[in-house]
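A short write-up of the structure that comes next.
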Amino acid sequence: MSKKYVYQFTEGNATMRELLGGKGANLAEMTKIGLPVPQGFTITTEACTQYYEDGGISDEIMAEIEKNIVIMEERVGKKFGDKTNPLLVSVRSGARASMPGMMDTILNLGLNEDVVDYMAEQSKNPRWAWDCYRRFIQMYSDVVMEVGKKYFEQLIDKMKEARGVTQDVELTADDLKELAGQFKAEYKAKIGSDFPSDPKEQLVGAIKAVFRSWDNPRANVYRRDNDIPFSWGTAVNVQMMAFGNMGDDCGTGVAFTRDPATGEKKLMGEFLTNAQGEDVVAGVRTPMPIQEMADKFPEAYEEFVKVCKILEDTYHDMQDMEFTVEKGKLYMLQCRNGKRTAQAALKIACDLVDEGMKTEREAVAMIDPRNLDTLLHPQFDAKALKAATPLGKGLGASPGAACGKVVFTADDAVEWAAKGEKVVLVRLETSPEDITGMKSAQGILTVRGGMTSHAAVVARGMGTCCVSGCGDIKMDEENKKFELAGKTFVEGSEISIDGTTGNIYDGIIPTVDAQIAGEFGRIMGWADKYRTMKVRTNADTPADAKKARELGAEGIGLCRTEHMFFEADRIAAFREMICSDTVEGREAALAKIEPMQQGDFEALYEALEGCPVTIRFLDPPLHEFVPTEEADIEALAKAQGKSVEYIKAIIAGLHEFNPMMGHRGCRLAVTYPEIAKMQTKAVIKAAINVQKAHPDWTVKPEIMIPLVGDVKELKFVKAVVVETADAVIAEAGAKLEYEVGTMIEIPRAALTADEIAANADFFCFGTNDLTQMTYGFSRDDAGKFLGAYYDAKIFESDPFAKLDQTGVGKLMEMAIKLGKPVNPKLHCGICGEHGGDPSSVEFCNKIGLDYVSCSPFRVPIARLAAAQAAISQAK
């Protein structure tokens, strides 16, 4: 039996989403449960995939469409192109994931001059007939032939001006007839041929256009943002028209069974009399609230309220519905699970459990973890945001809202903030020494860099709003100014940025603080009940650690010790170490830092109250710590009693062609074991002190050696750590257990994980570097060419934001399978940025990781995603 590519609404049901798309499956389900649905058929998502493979609609699929047109004509008793009993249809897209407004719709298909004349005469309503026709020409030209809407809108405006009216509805039948003629002339001028009058030709054009719209730029961007694969394709729904524009006893509306902004259980929606569906959605006229429909169309309204209840009882979720009233009779055109704010999602999920419609597990599964982000950060006031127009757009790299005065350097950010000014730090790109300025700023805006650039990673960790990679900015850092959308911003100019959408606005938009409400706690409680994987946090400061604990973190999976070296009093001592040419000189310099590091670790252990803490030893290359400004170089030379030239020679000597693969990570500890000794002493002494102060806690430090590629490196550095740690413990006369493990971030480490596991207590996957080295991409430069990869469908998402499960994931799985048999006690986690990405968390659960670790504000997202992974795997 050959594949079936077309289904009548009577042949499907709600479970066939993948084949019929969301809209098609729901139309079939509504038909099945006896709701008033204008009949039609759905062309499947597989036909769309086939369309892209064949470069057009194949004869086989075309024949099936034609056969279904005949079935539909018989069912509704009307005929395509028939002058006395014409069938008119709408053609709409419908992917399996809801993508509101991303793809195209065509109404009133099947019209031509003959049919319009007949309809005008029969209905005694010529205005309606010509209104349908001019709308159809406009939509068909725009969607199918890609003649821009604006040409037609200009003609309408011109006509209204000539007639001295302001609303479309004030134009007469003759005006609309004249307009239809102008539209057709415009079509011919732009396309070079007459507007098609054969309904079959119109239908084929429309079906192809819907398939094409699956690959339009806005659909591609939406898919990338929402993890919807291109391979899914879209279905096409061909449905008999119901007319809301036949007069004042007709209308059209869009409604939600609950409030999509708050989740409150009440009917919300809008209704327009004498209009077609697109008018409500497009905001062409201002509609009235749905409740007023009760006065205009009492019977239809009463029936609609019943339909709402039936749909919620069927789908057990808040429904978003489009409907039309034709001559007082209600027709349902579509229903789907409604889009909602994060706040509404939590309330609706809890209410549905209380109403007995959902189980706790189902409630946990129905919330998109990515939406929780918005609940944890300040947000722009919704009204003010609606009134504002974005000047530009970057990547929404760290959610939240920020507004303030523009500053261009980290030092200025600190200085201005100290004076009580709110600032937004604008940089070409950020680097580790900008950290103090990033902390002082309300938000960070960068010209370069992607979702995993330094700015993005650090900002997410701090819960600071960040928009990265706004390439439209013309930056002049030297003169402290930049240009965007023709406007020049200087130091002190006011700006607002939205880290959720990536939008950039001129001036100050007021913000409101985020609230963690009761429903949030309830959902998180359920999530914790069903998940099997632990969630830790990446935190370098007690404040971050405390925030993460509040948000439910069960330990620290990554403490990056290098961030602790950038404080002013420490950087001097560390630079002294770098400039020393003897072991004794280096040890003397490190001895100054040791008590400070110890203090840092004590504060972290205190904040975590006996939960596990993994401390990564020094990772970045040394050149990141040396001064670049002339004044700083002179100060260093003076402190060292050396010449400026000598210091400059040292700095030049640290230069590397590819520092990410250079002298960093465990390679530093091999060259300078004294660094590892100092860090070990600080970790162990801190643990001994905190354990003494809190005998009821279990303080068991996890020391993590970064960037190991060969087991001999690990053995070498581990020997230094163990010797130093055991000596400190013996000297203190204490009892303390500790672990030494490694990051798996070099492909060779994953390939030889059996050898490494024999010498490690734990593995932690550093997927930022592992992705970088597996692909051979520099994560700071990949943004420059990834756009071309998306356009060419080579990639569908940024591999640094969403884990590459096929390649990098295979290395992770291999490392676990090789390591665990050698060392059954080996525990494994992930601490790259992927630890907070829901689809990556699901993969980590599948391959058997013990925990994921992510930035503090992503902890609730990871908790929810881990619960969803456990629930779906149990199924």
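The values are calculated or read from the model by the stated rules, or taken from the named source; none is laboratory data. In this text, all values refer to a predicted model and were calculated from it rather than measured experimentally. Neighbour counts run over all protein chains shown; Cβ positions are idealised from the backbone, glycine included. To get the accessible areas, we keep the full protein, side chains included, count just its heavy atoms, and leave off ligands, DNA and RNA. Shrake-Rupley method; radii C 1.70, N 1.55, O 1.52, S 1.80 Å.
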With angles folded into 0 to 90 degrees, how steeply does helix 199-213 sit against the dominant principal axis of the chain? Use alpha carbons for both and round to 10.
10
Dipole magnitude of the chain, debye to nearest 20 (Cβ charges: Lys/Arg +1, Asp/Glu -1, about Cα centre)
1180
For the range 61-117, just say rounded, prolate or oblate: build the C-alpha gyration tensor, square-root its eigenvalues into a ≥ b ≥ c, call rounded for a/c under 1.5, and beyond that prolate if a/b exceeds b/c, oblate if not.
oblate
At 1.4 Å probe size, with no ligands or nucleic acids counted, give the accessible surface of residue 494 in Å², nearest ten.
90
From the protein chains alone at 1.4 Å, what is the descending order of accessible area for 616, 218, largest first?
218, 616
So, relative contact order of the range 213-282 in percent, Cα under 8 Å, 6 or more apart, is 25
Rounded to the nearest 10 Å², the 1.4 Å probe accessible area of residue 221 is 70
Net charge dipole size for the range 808-875 [Lys, Arg +1 and Asp, Glu -1 on Cβ; Debye, nearest 20]
220
If the chain between residue 291 and residue 167 were fully extended at 0.36 nm per residue, the gain over the current Cα-Cα distance would be 42.3 nm
If you plug each phi of the range 573-587 into the Karplus form 6.51 cos²θ - 1.76 cosθ + 1.60 with θ = phi - 60°, what whole-Hz ³J(HN,Hα) values come out, in order, with x for Gly and Pro?
5, 5, 5, 4, 4, 5, 7, 6, 10, 10, 4, 4, x, 5, 5
Roughly speaking, to the nearest percent, how much of the chain's 1.4 Å accessible area is carbon and sulfur?
50
Which of 196, 304, 437 sits closest to the plus end of the dipole of the chain, meaning its Cα is farthest towards the positive end, when Lys and Arg get +1 and Asp and Glu get -1 on the C-beta?
304
Here the gain from full extension of residue 508 to residue 428, 0.36 nm per residue of separation minus their alpha-carbon distance, amounts to 26.6 nm
How much length is gained on full extension from residue 153 to residue 198, taking 0.36 nm per residue of separation minus their Cα-Cα distance?
13.7 nm
Picking from 657, 683, 693, whose Cα lies most toward the positive end of the charge dipole for the range 644-706 (charges on Cβ: Lys, Arg +1; Asp, Glu -1)?
693
Name the long-range amide H neighbours of residue 430: under 5 Å, sequence gap of 5 or more, or other chain; modelled H, no Pro or chain starts.
455
In the structure shown, do any of 78/124; 546/700; 638/681; 405/480; 23/309; 188/208 have a Cα-Cα gap over 22 Å, and if so which?
638/681
Give me, ordered by chain and number, the residues 5 or more places off residue 854 or on other chains with an amide H under 5 Å from its own placed amide H.
536, 537, 538
Of 508, 48, 583, which is farthest towards the positive pole of the chain's charge dipole, taken about the Cα centre with +1 and -1 on the beta-carbons of Lys, Arg and Asp, Glu respectively?
48
Using a 1.4 angstrom probe on the protein heavy atoms only, line up 645, 326 by accessible area, largest first.
645, 326
Could you give each residue of the range 343-356 its phi-based ³J(HN,Hα) in whole Hz, using Karplus coefficients 6.51, -1.76, 1.60 with θ = phi - 60°, and x for Gly or Pro?
4, 5, 4, 5, 5, 4, 4, 5, 4, 5, 5, 5, 7, x
So what's the gap between the Cα centers of the range 212-227 and the range 813-875, to the nearest angstrom?
29
From the phi angles alone, apply the Karplus equation (6.51, -1.76, 1.60; θ = phi - 60°) to the range 61-74 and give each ³J(HN,Hα) in whole Hz, x where the residue is Gly or Pro.
5, 4, 4, 5, 4, 4, 4, 6, 5, 4, 4, 5, 4, 5
With a 1.4 Å probe and every protein chain left in place, work out the accessible area per residue of the range 491-597 in Å², rounded to a whole number.
40
Which value results for Rg/Rh of the chain when Rg is the Cα radius of gyration and Rh the Kirkwood radius based on the inverse mean 1/r?
1.04
Separation in nanometres of the label points that stand 7 Å from Cα toward Cβ, at residue 731 and residue 421:
4.8
Residue 850 - accessible surface, heavy atoms, 1.4 Å probe, Å² rounded to 10
60
How would you classify the range 341-387 from its alpha-carbon gyration tensor, with a ≥ b ≥ c the square roots of the eigenvalues: rounded for a/c under 1.5, else prolate if a/b is greater than b/c, otherwise oblate?
prolate
For the range 279-361, what is the accessible area per residue in Å², given a 1.4 Å probe and the full set of protein chains?
46
Going from most exposed to least, what order do 316, 834 have by accessible area with a 1.4 Å probe?
316, 834
What does the highest-first list of 789-795, 717-723 look like by mean Cβ count within 10 Å?
717-723, 789-795
How do 840-846, 39-45 rank on mean C-beta neighbours within 10 Å, highest first?
39-45, 840-846
Peptides ranked, highest mean first, by Cβ atoms within 10 Å: ranges 57-70, 526-539, 357-370:
526-539, 357-370, 57-70
